[in-house]
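J.: I have a structure I would like to understand better, so I am pasting it below and will then ask my questions one at a time.
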Amino acid sequence: MNNDAILVMENIHKSFDDLEVLKGIDLTVNRGEVVAVIGPSGGGKSTLLRCATTLEKIDSGRIVIAGDTLCEMDGEKLKYADKARLRHIRSRFGLVFQNFNLFPHFSVRRNITESLIHVLGKTKDEANGICDDLLLKMGLQDKADSYPCNLSGGQQQRVSIARALAANPDIIFFDEPTSALDPELTKGVLEVIRDLASEHMTMVIVTHEMTFARDVADRIVFMDGGVIVEEGPAYDLVTNPKSQRTKEFLAGY
Amino acid sequence: MTKELLISSCQQLLSGFEFTLGIFAFTLIFSLPLGLLVARGRMSKNIVVASLVRFYISVMRGTPLMLQLLLVYYGPYYLFGTSTGGIKIGPFNYRFIAAIIGFSLNYAAYFAEIFRGGIQSMPKGQYEAAQVLGFTKSQTYFKIILPQVIKRVLPSVANEVITLVKDTSLAQVLSVSEMFFIASSLASKQVSIMPFLVAGLFYYIMNALIEMMITKIEKKMSYYS
């Protein structure tokens, strides 16, 4: 195993009732790598992301995040990390949701600092310092005291990116970060992600923005029917796909 | 009706109003947290707990509150032969205590259904965001979910609170000398409807004040939508 692997997913199986959504997925993401996951709806991309971020439990397989084992097989049985370990692992990754999921009753500042103070035990001053830095980076330095409902969708998504970055995670997952946004608002969000990529932030991005994936990602993974159909360097995969299914999917863009 | 009579009637009604206020306040103090607990039981994954709680809510909502008050008051005697005459907590006799118990059990059932609606209307994403940020279950509940639920259920809770003010008059079946009980006895003594009208005015003033307070709270919570 590569020592520099931040995310390791091995032979991941996941079913909802009788429907097998993930049929033995293997995915490794190295430090500093940007991986885009593309594919048709229902192909298992979001489920894969939800399994990696502990929102769904897998049926079998192995997941390691930043060197900590989230779950692995113990003989025939799958074993998850205990509660304390889970909480630690959760502080090592960030997740950006499609529809932001900001806390509407908290100001922008509190959205970002609340978990720093009450989960990671940082002081208020430390948390505020981190928050101010992040908001500056997101171009939202004057919005600290605003509430989410007073921000545009694009601004809300940038706040949620700041929230995901606050704990200084080893990897950030994006679940279709621009799908809920009007086209003119996606630009700012994509720019922020592009900046993060240039800083070599490790990222896994589920997206339908093909041009963006091609330009920003190092590697693209094409998923369909619960399996990884094809993966490879971003530019190659988009311009010269090998599998017939990838070709058909990309032809729609 | 002479002026003196009116003043002394008002004084007596106001002394009864103390009991009305007492029933009202104690009922809220007990039934609001109890309602939250009942709501959790109603949503429990344990089928036995959920069904029992569902039955409890069904009975509380499906039978007259007046009957429930009578059962709480006379129940101990008929079930266990216990005399309740000597029971006292501080200045409160068992009549008053039974009224509080009856009202609290009944209102908790209504509040529980309101809270359940509020809790179930919360988007799943709020729980998920809290989870990946590492919040514990209780942190998620008290910091993220409950404050938003309170805003959502406030109008329905206000409805119940206003109804409670008027429902306190049912305590007269236990001969608790609350305002309506006093009004009845004054009315029969004076052979006049006046005491009832004055009592009605007092109920109305109390509810007008409550409405004002609720409007204030709603305004305070309107900083987000």
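The values are calculated or read from the model by the stated rules, or taken from the named source; none is laboratory data. All of these numbers come straight from a predicted model, not from anything done at the bench. Because the Cβ atoms are built from the backbone with ideal geometry, glycine has one as well, and the counts that use them run over all protein chains shown. Only protein heavy atoms, including side chains, enter the accessible area calculation; ligands, DNA and RNA are left aside. Shrake-Rupley method; radii C 1.70, N 1.55, O 1.52, S 1.80 Å.
J.: From (1) surrounded by fewer than 21 Cβ atoms within 10 Å (Cβ to Cβ); (2) within 19 Å of B:Leu133 (Cβ to Cβ); (3) over 22 Å from the mean Cα position of the chain (by Cα), pick out the condition that doesn't hold for A:Ala127.
T.: If we test A:Ala127 against (1) surrounded by fewer than 21 Cβ atoms within 10 Å (Cβ to Cβ); (2) within 19 Å of B:Leu133 (Cβ to Cβ); (3) over 22 Å from the mean Cα position of the chain (by Cα), just (1) comes out false.
J.: Now, a different point. Determine which single condition A:Met203 fails, assuming it passes every other condition in (1) under 18 Å from A:Arg31 (Cβ atoms); (2) surrounded by fewer than 19 Cβ atoms within 10 Å (Cβ to Cβ).
T.: (2)
J.: Does B:Ile119 satisfy being more than 20 Å from B:Phe26 (Cα to Cα) and surrounded by 15 or more Cβ atoms within 10 Å (Cβ to Cβ)?
T.: It is true that B:Ile119 is more than 20 Å from B:Phe26 (Cα to Cα) and surrounded by 15 or more Cβ atoms within 10 Å (Cβ to Cβ).
J.: A further question on this structure: Please go through the stretch B:171-225 and give me each residue that is polar (S, T, N, Q), within 30 Å of B:Val149 (Cβ to Cβ) and in a helix (DSSP H, G or I), ordered by number.
T.: Listed by number, the residues that qualify are B:Asn207, B:Thr215, B:Ser222.
J.: A further question follows. Only one of (1) away from chain B (no Cβ under 14 Å); (2) of a type in the set (Lys, Arg); (3) surrounded by 15 or more Cβ atoms within 10 Å (Cβ to Cβ) is not met by A:Arg50, so which one is it?
T.: Every listed condition holds for A:Arg50 apart from (1).
J.: Given (1) modelled with pLDDT of 95 or more; (2) buried (at least 22 other Cβ atoms within 10 Å of the Cβ); (3) more than 14 Å from A:Cys149 (Cβ to Cβ), where does A:Arg109 come up short, assuming only one miss?
T.: Going through (1) modelled with pLDDT of 95 or more; (2) buried (at least 22 other Cβ atoms within 10 Å of the Cβ); (3) more than 14 Å from A:Cys149 (Cβ to Cβ) one by one, A:Arg109 breaks only (2).
J.: Also, I was wondering about something else. Return yes or no: is A:Arg87 of a type in the set (Lys, Arg), part of a helix (DSSP H, G or I), under 30 Å from A:Val238 (Cβ atoms) and within 13 Å of chain B (Cβ to nearest Cβ)?
T.: The answer is no for A:Arg87.
J.: Follow-up question, since we're still on this one. Just the residues that are hydrophobic (A, V, I, L, M, F, W, C), part of a helix (DSSP H, G or I) and within 14 Å of another protein chain (Cβ to nearest Cβ), please, taken from the stretch A:132-163.
T.: Hits for the stretch A:132-163 are A:Cys149, A:Val159, A:Ile161, A:Ala162.
J.: Next up: Run A:Arg194 past the list (1) buried (at least 17 other Cβ atoms within 10 Å of the Cβ); (2) assigned to a helix (DSSP H, G or I) and report the number of the one that doesn't hold.
T.: Result: A:Arg194 passes all but (1).
J.: Can you pull out every residue in the stretch A:171-184 that is over 17 Å from A:Asn101 (Cβ atoms) and free of Cβ contacts under 8 Å to residues at least 40 places away in the same chain?
T.: A:Asp182, A:Pro183, A:Glu184
J.: Find the residue count for the stretch B:68-94, including only residues that are surrounded by 11 or more Cβ atoms within 10 Å (Cβ to Cβ), out of contact with any strand residue (DSSP E or B) (no Cβ under 8 Å at 6 or more places or on another chain) and not hydroxyl-bearing (Ser, Thr, Tyr).
T.: Counting residues in the stretch B:68-94 that are surrounded by 11 or more Cβ atoms within 10 Å (Cβ to Cβ), out of contact with any strand residue (DSSP E or B) (no Cβ under 8 Å at 6 or more places or on another chain) and not hydroxyl-bearing (Ser, Thr, Tyr) gives 10.
J.: Could you tell me how many of the residues in the stretch A:112-124 are closer than 15 Å to A:Leu165 by Cβ and open to solvent by 40 Å² or more (accessible area, probe 1.4 Å)?
T.: Count: 2.
J.: Another question, then. Please enumerate the residues belonging to the stretch A:220-243 that are open to solvent by 30 Å² or more (accessible area, probe 1.4 Å), closer than 22 Å to A:Leu22 by Cβ and not in a loop (DSSP other than H, G, I, E, B).
T.: Of everything in the stretch A:220-243, those that are open to solvent by 30 Å² or more (accessible area, probe 1.4 Å), closer than 22 Å to A:Leu22 by Cβ and not in a loop (DSSP other than H, G, I, E, B) turn out to be A:Asp224, A:Val227, A:Ile228, A:Val229, A:Glu231.
J.: Check A:Lys137, A:Lys83 and return the single one that is under 29 Å from B:Pro147 (Cα atoms), surrounded by fewer than 19 Cβ atoms within 10 Å (Cβ to Cβ), over 17 Å from the mean Cα position of the chain (by Cα) and at pLDDT below 95.
T.: Step by step, each of A:Lys137, A:Lys83 is checked, and only A:Lys83 is under 29 Å from B:Pro147 (Cα atoms), surrounded by fewer than 19 Cβ atoms within 10 Å (Cβ to Cβ), over 17 Å from the mean Cα position of the chain (by Cα) and at pLDDT below 95.
J.: Just checking: which of the helices (runs of 4 or more DSSP H) contained wholly in the stretch B:27-137 hold 3 or more residues that are within 14 Å of chain A (Cβ to nearest Cβ)?
T.: Output list reads B:124-132.
J.: Quick one: is A:Ala166 within 12 Å of chain B (Cβ to nearest Cβ) and under 21 Å from A:Arg110 (Cα atoms)?
T.: Here the answer is yes, as A:Ala166 does meet what is asked.
J.: Would you check which residues across the stretch A:92-103 are within 8 Å of chain B (Cβ to nearest Cβ) and surrounded by fewer than 20 Cβ atoms within 10 Å (Cβ to Cβ) and list them?
T.: Correct list: A:Asn99 only.
J.: Another question, then. Which pairs turn up if I take residues in the stretch B:177-197 that are without any contact (Cβ under 8 Å) to a residue 60 or more places away in the chain and within 14 Å of B:Leu14 (Cα to Cα) and look for partners that are in a helix (DSSP H, G or I) and open to solvent by less than 50 Å² (accessible area, probe 1.4 Å) with beta carbon separation below 7 Å, at least 6 apart in sequence or on another chain?
T.: Close Cβ pairs (under 7 Å, with a partner that is in a helix (DSSP H, G or I) and open to solvent by less than 50 Å² (accessible area, probe 1.4 Å)) amount to B:Phe196/B:Ala183; B:Phe196/B:Ala187.
J.: What are the residue pairs meeting all of these: first residue in the stretch B:209-225, first residue within 14 Å of chain A (Cβ to nearest Cβ) and open to solvent by 100 Å² or more (accessible area, probe 1.4 Å), second residue hydrophobic (A, V, I, L, M, F, W, C) and assigned to a helix (DSSP H, G or I), Cβ atoms under 7 Å, and 6 or more apart or on different chains?
T.: As it stands, the answer is B:Ser225/A:Cys149, since those pairs meet every condition given.
J.: Condition first: assigned to a helix (DSSP H, G or I) and more than 10 Å from chain B (Cβ to nearest Cβ). Now tell me which residues in the stretch A:113-131 satisfy that.
T.: A:Thr113, A:Ile117, A:Lys124, A:Asp125, A:Glu126, A:Ala127, A:Asn128, A:Gly129, A:Ile130, A:Cys131
J.: Quick check on the stretch B:140-163. Is at least one of its residues among the polar types (S, T, N, Q), within 14 Å of another protein chain (Cβ to nearest Cβ) and either open to solvent by 10 Å² or more (accessible area, probe 1.4 Å) or part of a helix (DSSP H, G or I) (or both)?
T.: So far as the stretch B:140-163 goes, yes, one or more of its residues are among the polar types (S, T, N, Q), within 14 Å of another protein chain (Cβ to nearest Cβ) and either open to solvent by 10 Å² or more (accessible area, probe 1.4 Å) or part of a helix (DSSP H, G or I) (or both).
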